[in-house]
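A.B. asks: Structure in structure tokens, see below.
The values are calculated or read from the model by the stated rules, or taken from the named source; none is laboratory data. These numbers come from a predicted model, not from an experiment. Reconstructed Cβ throughout: ideal geometry from the backbone, glycine too, with neighbour counts over all protein chains shown.
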Amino acid sequence: MQILRTPESRFDGLPDYPFAPHYADVSHDAGQPLRMHYVDEGPRDGRVVLLLHGEPSWSFLYRKMIATLAAAGCRVVAPDHIGFGRSDKPAAVADYTYERHVAWCHALVRALDLRDITLFCQDWGGPIGLSLVAADSDRFAAVVAANTVLPTAQPPPAGEVADWPGAAISAWIETARTAPALPIGRIIQSVTLDQLPDDVVAAYDAPFPDESYKAGARAFPQNIPVDPESADARHNRTVWAALEKFDKPFLTAFSDGDPTTAAWAPVFQRRIPGARGLAHPTVRGGHFLQEDAGPELVALILAVG
């Protein structure tokens, strides 16, 4: 792989993001080691909260939540997926696969030996994080899933959600594949209810000095399983089989302003034993509800389990 690494100066003076960087070397199978960045705040013996971002954001998305969770006594770990944030960025779209993202994130969890984890996952953080739960459930104490999906590319009833991915997601897949430029900050603003200040939009752009750094952002939409016979769709069916035995607390906290994922909340609630009997809230917000409802999400994380 050709590996790009964003200059550290790009991260100077980001608003409300004073967190010291931490790095771990991760790999997939016997693949090339890559440097993965993570925020690690709060007492090391505190309750572990793992915050997994999605596409095309990075751990900056959680800046409104990290400090509050740490102040409440939690150890808060917020990685940047490979290709995002301060993490290494392979330069070719083909370098990124769903399987590799799961392996890289799993390698980090094992390297830090995180246990009794409360997972908060949104967007692609969902399929990746839920894959970790399926593979290593003993490490997880609870899950809060927000605005995420776990598609098997099958029609209902096996696929559960009709007409998914639908026109909006299909258009996003094509945009990520063909657009000459991906304005990351503006993309995030477009699916956030609150107006983001200019310095916040710029912070979402910070990891990407130019288009050559955005292979990971282009790859994620193309990794969405749309063929039921694909390896990724089969992987998700395996994840579902494990989640259907997961009886620890599983809370959904989907927003009221994200029609692309809304239909998935009742699927998780119905199919996962740990979701039954819980009061699953609907949260004000767009797709990136961390921007719109950070304090409310913190309260839900602290209350679950």
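A.B. asks: Kindly list the number of the only condition in (1) surrounded by 24 or more Cβ atoms within 10 Å (Cβ to Cβ); (2) part of a strand (DSSP E or B) that fails for A142.
C.D. replies: All conditions pass for A142, except number (1).
A.B. asks: With the structure loaded, tell me whether A181 is more than 24 Å from P127 (Cα to Cα) and either touching a residue at least 40 places away in the same chain (Cβ under 8 Å) or among the aliphatic types (A, V, I, L, M) (or both) or whether it fails that test.
C.D. replies: yes
A.B. asks: Mind listing whichever residues of region 257-279 are out of contact with any Leu (no Cβ under 6 Å at 6 or more places or on another chain) and surrounded by 16 or more Cβ atoms within 10 Å (Cβ to Cβ)?
C.D. replies: At the first step, the residues of region 257-279 found to be out of contact with any Leu (no Cβ under 6 Å at 6 or more places or on another chain) are 258-271, 273-277, 279.
Scanning region 257-279 gives D258, T260, T261, A263, W264, A265, V267, F268, Q269, R271, G274, A275.
A.B. asks: Check A158 against each of (1) assigned to a helix (DSSP H, G or I); (2) out of contact with any helix residue (DSSP H, G or I) (no Cβ under 7 Å at 6 or more places or on another chain); (3) without any contact (Cβ under 8 Å) to a residue 24 or more places away in the chain and name the one condition it does not meet.
C.D. replies: Against the list (1) assigned to a helix (DSSP H, G or I); (2) out of contact with any helix residue (DSSP H, G or I) (no Cβ under 7 Å at 6 or more places or on another chain); (3) without any contact (Cβ under 8 Å) to a residue 24 or more places away in the chain, A158 comes up short only on (1).
A.B. asks: So S212 clears everything in (1) among the small types (G, A, S); (2) outside any loop (DSSP other than H, G, I, E, B); (3) surrounded by fewer than 12 Cβ atoms within 10 Å (Cβ to Cβ); (4) modelled with pLDDT under 95 except one condition, right? Which one?
C.D. replies: Result: S212 passes all but (4).
A.B. asks: Still on this structure, I have one more. Would you be able to tell me the number of residues in region 241-288 that are within 26 Å of P197 (Cβ to Cβ), of a type outside the set (V, I, T) and in contact with a helix residue (DSSP H, G or I) (Cβ under 7 Å, 6 or more places away or on another chain)?
C.D. replies: Total meeting the criteria: 7.
A.B. asks: What residue, of R276, R284, R270, R234, is in contact with an Asp or Glu (Cβ under 8 Å, 6 or more places away or on another chain) and either under 24 Å from I169 (Cα atoms) or free of Cβ contacts under 8 Å to residues at least 24 places away in the same chain (or both)?
C.D. replies: R284
A.B. asks: Output the strands (runs of 3 or more DSSP E) that fall wholly within region 10-126 and possess 3 or more residues being surrounded by 23 or more Cβ atoms within 10 Å (Cβ to Cβ) and touching a helix residue (DSSP H, G or I) at 6+ places or on another chain (Cβ under 9 Å), or say none.
C.D. replies: 34-41, 47-52, 74-79, 117-122
Residues checked against (1) in a helix (DSSP H, G or I); (2) acidic (D, E); (3) crowded, with 19+ Cβ neighbours inside 10 Å:
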residue	(1), (2), (3)
A171	yes, no, no
P180	no, no, no
Y204	yes, no, yes
P207	no, no, yes
P221	yes, no, yes
F246	no, no, yes
